[in-house]
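Let me begin by presenting the structure, written as structure tokens, before commenting on it.
The values are calculated or read from the model by the stated rules, or taken from the named source; none is laboratory data. Computed from a prediction, not measured in an experiment: that's the story for all the values here. Cβ placement follows ideal geometry from the backbone for every residue including glycine, while neighbour counts extend to all protein chains displayed.
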Amino acid sequence: MSQTLKSVLKIPGSFGLPYLGEARQLFSQQELFYWHHFQQYNSEFKTRILGRNLICLVGTEANELVLKDQGKMFSSAMGWSFLKSFLGEGLLLEDGKEHQVTRKLLNSAFNHQQVPTYFEKLKKWVEDYIFRYWEGRSIDLFPELRKLNLLLLCQLLIGEQPEEEIELICQNFLSLITGIRTIIRLNIPGSKFGKAQQSSLLLRNKFQAIIQQRRLNKFNYSQQDILDCLLNLPTGSGKDLSDVEISNHLLHFLFAGYQTTGKLVGWSLFELNNHRGWLKKLEQEQLTIMGQNSLEINHLKNFTCLKYVLKEIERLYPPTYTIFRGVVNDFEYRGYLIPKGWYVVVSPLLTHRLNHLYTDPHQFDPNRFSPSRQEDKKHPFALIGFGGGTHQCLGSELALMKAKIILSTILRNYQWIIECNFSGHSPIFPTNKAEKMMKAKFQTLP
């Protein structure tokens, strides 16, 4: 390693207050925090959040360096360690060989052969839910989409359960998410953090009870769900998962997937509401491919325009705007020495707005993914809404299938109006705050 490397402390940025650092600004500004720092300091900047020294590295070079690493320099377990008390051990909190083995085991529930088997159930649940709860009503769009997605996930994970059981799981999970996002992390009864810890325990106990019951009645169970895959791992997998391990993995799956599909669908509806030309393209595509027939899984791969729209939504509104890793060995980056014990952040949000990768990067332009342009192909790590490298989202195919089913159902059967008091990506705004203000009304097509 070069002897002339500059200290990490020379990297532009601010540590803010003792211990807290810039946590208050991050929690209040969300995406804007990283955007403002990027505008002020450029593609490398430091900060401190709740006692953690972080360096944010922006661009495809940094994405590839960090995301392709298999735990030799960067640790996902260390980067996401604050989740451990909520989720327990699981794929997100593993590195190296351990992560490779676990990912191979879990892949049986998410591979190209298995995901299509979920299609018919998903289609039925989506159509029933929209008809029962959205048709003819004004709804809070994103809370409703998250609720729908949680219902879909729960039933995919553990099979169809009584409605009150699924509702209880969803309530406890949302309590857990609230605790993860709180700045005051003291396990005090009645606090958001304390309630989240209690909800985590209740969820894991609930999952373990379902697992034990399923083991007792495995020969009388006919539904094929993700739990079924984990209880019946392929011959030669080399390992059986314990009840505790499966329970933790189910909770990790909920955490990883609860927001992804809702964001893809919600922001698609928002952008299509503002870009009627693209709405007409998608409606015509549905009619051309399906006619008056019902949706079948073979239709999904032919929705080319819809694929472009979903990629553009992934680019503009990535499911997660930052990806964290802990530094486990000193490394060099652009003349700086980054020491062990620091944390590295790479950002899908900031990468996706780089104008040397994307033409007019703040504009909604799905055609940028057409064969004649393929702007996301300029670099393997130019589009990382689902992560990339060794920890790329295991459930991305499932998330996209859910999004296509929901959007196809809406496009063929409903017209909608989005009510909100902001104009969209101008160029960056806190999407979580915007999502709380957005309402939608769905009416059946004449």
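Being more than 17 Å from the chain's Cα centre (by Cα), modelled with pLDDT of 95 or more and surrounded by fewer than 18 Cβ atoms within 10 Å (Cβ to Cβ) is the requirement here; does E135 meet it?
Working: more than 17 Å from the chain's Cα centre (by Cα): yes; modelled with pLDDT of 95 or more: no; surrounded by fewer than 18 Cβ atoms within 10 Å (Cβ to Cβ): yes.
In short, no.
With L295, L287 as the choices, which residue is assigned to a helix (DSSP H, G or I) and under 21 Å from S268 (Cα atoms)? Before the answer, list the steps.
Working: L295 fails: assigned to a helix (DSSP H, G or I).
None of the other options fit; the residue is L287.
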Check: Can you pull out the helices (runs of 4 or more DSSP H) entirely within segment 19-103 that have at least 2 residues that are among the aliphatic types (A, V, I, L, M) and touching a residue at least 40 places away in the same chain (Cβ under 8 Å)?
Finding: 60-67, 76-79
Note to self: Filter segment 244-259 down to the residues that are of a type in the set (S, T, N, Q), under 15 Å from C154 (Cβ atoms) and in a helix (DSSP H, G or I) and list them by number.
What the structure shows: S247
Next item on the list: Quickly run through segment 393-446 and pick out the residues that are hydroxyl-bearing (S, T, Y), outside any strand (DSSP E or B) and at pLDDT below 95.
Entry: S423, S426, T431
Notebook entry, point to check: Which pairs have Cβ atoms under 7 Å, sit 6 or more apart or on different chains, and link a residue in segment 328-348 that is modelled with pLDDT under 95 to one that is surrounded by 17 or more Cβ atoms within 10 Å (Cβ to Cβ) and part of a loop (DSSP other than H, G, I, E, B)?
Noted result: none
Note to self: Please count how many residues of segment 64-91 are closer than 19 Å to L54 by Cα and out of contact with any helix residue (DSSP H, G or I) (no Cβ under 6 Å at 6 or more places or on another chain).
What the structure shows: 12
Next item on the list: Working only within segment 307-320, note down all residues that are buried (at least 22 other Cβ atoms within 10 Å of the Cβ) and hydroxyl-bearing (S, T, Y).
Entry: Y317
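Can you say whether K377 is in a helix (DSSP H, G or I), surrounded by fewer than 16 Cβ atoms within 10 Å (Cβ to Cβ), without any contact (Cβ under 8 Å) to a residue 60 or more places away in the chain and out of contact with any Cys (no Cβ under 6 Å at 6 or more places or on another chain), as far as the supplied structure shows? Working first, answer last.
Values: in a helix (DSSP H, G or I): yes; surrounded by fewer than 16 Cβ atoms within 10 Å (Cβ to Cβ): yes; without any contact (Cβ under 8 Å) to a residue 60 or more places away in the chain: yes; out of contact with any Cys (no Cβ under 6 Å at 6 or more places or on another chain): yes.
Spelling it out, K377 is indeed in a helix (DSSP H, G or I), surrounded by fewer than 16 Cβ atoms within 10 Å (Cβ to Cβ), without any contact (Cβ under 8 Å) to a residue 60 or more places away in the chain and out of contact with any Cys (no Cβ under 6 Å at 6 or more places or on another chain).
What residue, of L227, L151, is modelled with pLDDT of 85 or more, of a type in the set (A, V, I, L, M) and over 30 Å from W267 (Cβ atoms)? Don't jump to the end; show me each part of the working.
Values: L151 fails: over 30 Å from W267 (Cβ atoms).
Exactly one residue qualifies, and that residue is L227.
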Margin query: One residue is enough: does segment 331-341 have a residue meeting the conditions under 20 Å from L67 (Cβ atoms) and of a type in the set (A, V, I, L, M, F, W, C)?
Written below: yes
